[in-house]
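The values are calculated or read from the model by the stated rules, or taken from the named source; none is laboratory data. Because the structure is predicted, anything quoted here is derived from the model rather than measured. So basically every Cβ, Gly included, is an ideal-geometry build from the backbone, and we count neighbours across all protein chains shown. Just the protein is used for accessible areas: all its heavy atoms, side chains included, with ligands, DNA and RNA removed. Shrake-Rupley method; radii C 1.70, N 1.55, O 1.52, S 1.80 Å.
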Amino acid sequence: MKKENTAPTFVLILGLTLVLLPSSARGQTVMGQYEEEAPLATWNLFGAPGAAALGRGASLFAPGDDASVIFANPAQAVRLPGLSVSLGGGLHSASLFRFGPVNTGPISSTENLPLDTLALDFAALTLNLKGWVIGLGAGLIEIYDRPYVEAGAASYNALFTFHQEGYLRAWNVSLARELFPGFSLGLGANLVSGRWAWEMTDRWNASPRTVTITDERSRDLEGFYLNGGVVWRLSERVSMTAAFRTPYGLSADTRSLLRYQAPGGGTDIRIEAEGASRFTRPAAAGFGVEWAARDNLRLLGEVGWWNWASYTA
């Protein structure tokens, strides 16, 4: 009796399900998300994914290939060798049309402006001690940089500049264990810290009088959240995973300086201010399935949820 190979049919059905099941993605239009605090590339990710995850479209929940898993689902660390050390870095490239004062204020652009940032994304290690897996890591989870802008008007001998940079880094300590064969549980604690700074300068050099208007703003960011998950191996080739991140608040000690300088007239007006800002980041969760169809072929499926309705700034 000939045995029928149903694997291709299963793969086809799985592929069609993944394509047809999700609904259309809605634009993130909550006030603030496309303003100065909105990060680039990292808004809908857990932590700092490794190169293998990025190569699969930033898949974070189903696979567990290196120590970067502690930022998403620490339970995956149970699958790693006794000692696993991972480093990740890359060139982050983006192009923006509307940001800061560009196409929202005094500066207009007919095309997107480019931005390239070279950074060390994460460093992490996991250590298996008699079934308990300890994870330690630091990851760059958000980037606030914007393209540098310099615009001039020769007829007025004027120069306008805009510069914005910033980052948010997570320091992770996690613990994981296989509770019983095929089922693992993990939990991580993340202390986040970072900085955001913006500077806009408008200068007229109309001899003998020079006028400079400066707008400077900066924030020191701090926060804390938990992340965790489970791994359930249904068979030698099929496993299911689930992960979560708790909602958390970013406190921001904020400073600003507005300054008007006209040295020729002996004028130097400074308006300084300080305040406490707060950003509430949403809870997030994910689910994944991994099927090792062959020894050298794995198929992954994931779904993620971010509660953006609770975002506030």
Would you confirm, using the coordinates I've provided, whether ALA75 is modelled with pLDDT of 85 or more, of a type in the set (A, V, I, L, M) and closer than 27 Å to TRP232 by Cα? yes
Which is farther than 19 Å from ALA62 by Cα, open to solvent by less than 80 Å² (accessible area, probe 1.4 Å) and charged (D, E, K, R), of ARG278, ARG259, ARG270? ARG259
The lone exception for TYR34 - which of (1) farther than 30 Å from ARG237 by Cβ; (2) modelled with pLDDT of 80 or more; (3) in a loop (DSSP other than H, G, I, E, B) it fails: (2)
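Quick grid of which residues meet (1) of a type outside the set (Gly, Ala, Ser); (2) out of contact with any helix residue (DSSP H, G or I) (no Cβ under 8 Å at 6 or more places or on another chain):
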residue: GLY88; (1), (2): no, no
residue: PHE97; (1), (2): yes, yes
residue: LEU127; (1), (2): yes, yes
residue: GLU142; (1), (2): yes, yes
residue: ALA153; (1), (2): no, yes
residue: LEU179; (1), (2): yes, yes
Unique residue being open to solvent by less than 60 Å² (accessible area, probe 1.4 Å) and of a type outside the set (A, V, I, L, M) when the list is TRP198, TRP232, TRP171: TRP198
What are the residue pairs meeting all of these: first residue in the stretch 144-165, first residue on the phi > 0 side of the Ramachandran plot and modelled with pLDDT under 90, second residue open to solvent by 30 Å² or more (accessible area, probe 1.4 Å) and not in a loop (DSSP other than H, G, I, E, B), Cβ atoms under 7 Å, and 6 or more apart or on different chains? ASN157/TRP204; ASN157/ASN205; ASN157/ALA206
Unmet requirement for SER218, which otherwise passes all of (1) buried (at least 16 other Cβ atoms within 10 Å of the Cβ); (2) free of Cβ contacts under 8 Å to residues at least 40 places away in the same chain; (3) farther than 25 Å from ARG281 by Cβ: (3)
Enumerate the pairs (first residue in the stretch 195-212 and under 28 Å from ALA276 (Cα atoms) and of a type in the set (Lys, Arg); second residue anywhere and surrounded by 16 or more Cβ atoms within 10 Å (Cβ to Cβ) and at pLDDT 90 or above) with beta-carbon separation below 6 Å, excluding pairs fewer than 6 apart on the same chain, so at least 6 apart or on different chains. ARG195/GLY166
Residue ID - modelled with the lowest pLDDT, chosen from residues in the stretch 228-246 that are more than 24 Å from the chain's Cα centre (by Cα) and of a type in the set (Ser, Thr, Tyr): SER235
